[in-house]
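To start, the structure under review is shown below, and the notes come after it.
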Amino acid sequence: MTITLALPSKGRLKEQTLALLARAGFDIELPQDARSYRGAVNGLPELEIAFLSASEIARELIAGKIALGVTGEDLARESVAEADKALAFRAKLGFGAADVVVAVPEAWIDVGTMADLDDVAAAFRQRHHRPLRIATKYWQLTQNWFADHGIALYRIVESLGATEGAPAAGTADIIVDITSTGSTLKANHLKILSDGIVLRSEANLIASRRVRLTREDRALLNSVCERIAAAVDNPA
Amino acid sequence: MTALATTIELFLRERKCALPEIGLLQPAEPILNAAGEDIRRRIFMTADRQGRDLCLRPEFTIPVCLAHLASGKAKKRYGYVGQVFRQRAEEPAEFTQAGIEDIGARKSVAADVRCLADSVDMLRLLGKNRLSVTLGDQAIFEAVLKAMGLPRAWRERLGRNFGDADRLRADLDRLSGKENGGLGDLDPKLRAAIEAGDRDGVEGEVLARMKEAGLSEDAGRSAGEIAARLLDKAALSAVRLAPEKREMLEAFLALDAPLRDANRRLWSFARRANIPLGKPLETFHKRAEQLARLDLENVSLRYRSAFGRRLDYYTGFVFEIRGGPSDEKPLAGGGRYDRLMTVLGSRAKIPATGFAVYVDRTRANSASKAGATVRAGGGA
């Protein structure tokens, strides 16, 4: 039997993942031609490699179509409710760090915390005859976060790009978005609430809980996870 | 249609209810707007070919209210029985609800009493004769907050979390503690304007920031609104909820008594705390008296001061009915929702009460007791 390990197919995430796997002693063979997404590990034929987009990896793990994958924790938690039931987060990989945050216009000088936002959201409908609008691509994370803070009166406006521009464009009042340095938010005159960090995300090695494995496959999966985790702890 | 549904419809007609046609597929927009985004996780959404969001009917109250508004009538009673769809952890997502919505009745105490009487009678029709009712009244809680002289911003926050003991406690902790909404880092010019109570100055600072960010005042919060809230917050940042006031509030929230004793308990609380509860308490008293005149054999009524529903359009009297005091899930729930019609777009304020019975829960229990099948037989 074999198991599949899915790796990000492009960008810095791909490079950093491959570097980490090399340190863990896996000799990854890249796809033969540009159209193929299948790779392999020299000397370890029972471990198949698939190169997929980071969001596809999250979906395939949740569907139980692959056993193991490297993707951002934000994408994994966004793609399914109660992510820990579907996925086992086996190792944080130390790269791809970015935070999912709640950000409001800097002009909202009266709003610094989620409690402030709760007050504003509650009064919003009476004042403006519509609920507070939040632009985000993170439906799941936003709904959970606001529910945890007891805020129900708001609406999500889906935003699949340039979310930080939504308040100035008038399509939303505030945003929930991912940021690594905060500079894009700053350039758009937005500020992060002091207790508004929804998730500190980074690249994770994730196993699917929805895939059936033989005892040998399970042992292989565990040993792959252990080797990768050890390589994270001992940067060469 | 099942025999049971026919029986319920007959009951509704006898009680002078119109039976409006409410489709299984409902536009999602008004439901999300009224109940909030959070409900999206608990309903079944779909879309039509024009991309309009639709959902499987998650309840009847909002669709019935929309139908009422569309009819242009001032006052009417509506009844319904049918399937609703909600994502629930331990029970099937498809289940049957029946209930009455009484819209536009001006005599509010009479409407409250009738609402509870109707729901008890409907449960009796379904074979549930032993009932325990928990009653609450948000208006009393709000009167207590007001009589204690708490600032409006605090009253609003506490009122919003009424019915949720954990959140209420967290609110009280915050209001009595050190982290009571400090202003954080502000630039010196702004801080000076706040300290001087210079509203125009603060507003000017906000406006400058809005301009710089390209925010339009018409699109959302205005500079005046932001400045006003900041000044309120500044005024409150040094104020703490005094320990004796907190004790008083906690004493109030701990009231839990048979309804026949509740009035006396509330009076003595008000006297001890030395706060007048005025009209809300009079209304409570009148309602309790009228409830006492109902035929309530085998029905226990209990008032819990902390009992409320956490939906912002419920405004006063609310209740839940169980088969026994320790039953986890209610057989029915209802109350007064005077704010819903305006939330749904009505210019005029229209008072309303209503209740819904979880028909399947009344079946499941009796079926297991009688050893019968769950299939609904004639209840009448």
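Quick note: the coordinates plus some simple rules give every number you see, no bench work behind them. It should be emphasised that the depicted structure is a prediction, and the values quoted were computed from it without experimental measurement. Every residue, glycine as well, gets a Cβ built from its backbone with ideal geometry; the counts of neighbours run over all protein chains shown.
Who wins for biggest fluctuation among B:Ala35, B:Ala306, B:Ala223 in a Gaussian network model of chain B, springs between alpha carbons below 10 Å?
So, out of B:Ala35, B:Ala306, B:Ala223, the one fluctuating most is B:Ala223.
Other chains near A:101-109: what is the mean number of their Cβ atoms within 10 Å of each residue's Cβ?
Average per residue, whole number: 6.
Treating only the Cβ atoms of Lys and Arg (+1) and Asp and Glu (-1) as charged, compute the dipole magnitude of the stretch A:98-200 about its Cα centre; round to the nearest 20 debye.
It works out to roughly 300 debye.
Residues of B:154-166, mean number of Cβ from any other protein chain within 10 Å of their own Cβ, rounded to a whole number?
Counting Cβ atoms of other protein chains within 10 Å of each residue's Cβ and averaging gives 2.
For the stretch B:44-60, in order, what is each residue's ³J(HN,Hα) by Karplus, 6.51 cos²θ - 1.76 cosθ + 1.60 with θ = phi - 60°, in whole Hz (x at glycine and Pro)?
With coefficients 6.51, -1.76 and 1.60, one gets 9, 9, 8, 9, 8, 6, 8, x, 6, 6, 10, 9, 5, 2, x, 5, 9 Hz.
For A:Ala98, what is the net charge nearby, where nearby means another residue's Cβ is under 14 Å from its Cβ and Lys, Arg count +1, Asp, Glu -1?
Neighbourhood net charge equals -2.
Which entries of A:Lys92/A:Lys137; B:Lys189/B:Lys245; B:Lys211/B:Lys349; B:Lys107/B:Lys329; B:Lys73/B:Lys279; A:Lys191/B:Lys245 show an alpha-carbon separation above 25 angstrom in the structure shown?
Checking Cα-Cα distances, B:Lys189/B:Lys245; B:Lys211/B:Lys349; B:Lys107/B:Lys329; B:Lys73/B:Lys279; A:Lys191/B:Lys245 exceed 25 Å.
Could you pull out every one of the aspartates and glutamates with an alpha carbon less than 17 Å from that of B:Lys76, ignoring same-chain neighbours closer than 8 positions?
Hits, sequence-local ones excluded: B:Glu9, B:Glu14, B:Glu21, B:Glu101, B:Asp102, B:Asp112, B:Asp118, B:Asp338.
Of all the C-alpha pairs in chain B, what % are more than 25 Å from each other?
63
Summing -39500 (n - 2.57) over the DSSP H runs of n ≥ 4 in chain B and dividing by its residue number, what mean residue ellipticity at 222 nm do you reach, to the nearest 500 deg cm²/dmol?
Helix contribution divided over all residues of chain B: -14000 deg cm²/dmol.
Amide H neighbours of B:Phe44 under 5 Å, counting only residues 5+ apart in sequence or on other chains, H built in-plane at 1.01 Å?
B:Leu56
Give me the net charge for the shell around A:Leu205: Cβ to Cβ below 10 angstrom, other residues only, Lys and Arg +1, Asp and Glu -1.
Numbers: positive: A:Arg90, A:Lys92; negative: none.
Summing Lys/Arg as +1 and Asp/Glu as -1 gives +2.
Place the peptides A:111-120, B:142-151, A:25-34 in order of packing, highest mean first, counting for every residue the other Cβ atoms within 10 Å and averaging per peptide.
Per-residue mean Cβ counts within 10 Å order the peptides as A:111-120, B:142-151, A:25-34.
From the square roots a ≥ b ≥ c of the eigenvalues of the alpha-carbon gyration tensor of the protein assembly as shown, which class results: rounded (a/c under 1.5), prolate (a/b over b/c), or oblate? Could you put the intermediate results ahead of the total?
Working: a/c = 2.13, a/b = 1.37, b/c = 1.55.
Verdict is oblate for the protein assembly as shown.
When only Cα pairs under 8 Å and 6 or more residues apart are kept, what is the percent relative contact order across the stretch A:98-200?
49
What are the chymotrypsin sites (Phe, Trp or Tyr not before Pro) within the stretch A:44-132 that DSSP puts in a loop, where the Cβ has at most 16 other Cβ atoms within 10 Å?
The qualifying sites are A:Phe95.
Which of A:Leu18, A:Leu75, A:Leu44 moves the most in a Gaussian network model of chain A with Cα springs under 10 Å?
It is A:Leu44.
Enumerate the calculated ³J(HN,Hα) couplings along the stretch A:23-38 in order (Karplus 6.51 cos²θ - 1.76 cosθ + 1.60, θ = phi - 60°), each rounded to whole Hz, writing x wherever the residue is Gly or Pro.
4, 7, x, 8, 9, 7, 9, 6, x, 5, 9, 5, 7, 8, 10, 8
Among A:Thr71, B:Thr96, A:Thr142, A:Thr136, which comes first, then next, by fewest other beta-carbon atoms within 10 Å?
B:Thr96, A:Thr142, A:Thr136, A:Thr71
Find out how many positive minus negative residues lie around B:Leu32, taking Lys and Arg as positive, Asp and Glu as negative, among other residues whose Cβ is under 15 Å from that of B:Leu32.
Neighbourhood net charge equals +3.
DSSP loop (so not H, G, I, E, B), at most 12 other Cβ within 10 Å: list which GluC sites (Glu not before Pro) in the stretch A:63-119 pass both filters.
Within the stretch A:63-119, the qualifying GluC sites (Glu not before Pro) (loop, at most 12 other Cβ atoms within 10 Å) are A:Glu82.
Please report the relative contact order for chain B, taking Cα pairs under 8 Å with a sequence separation of at least 6, and give it as a percent rounded to a whole number.
Relative contact order here is 25 percent.
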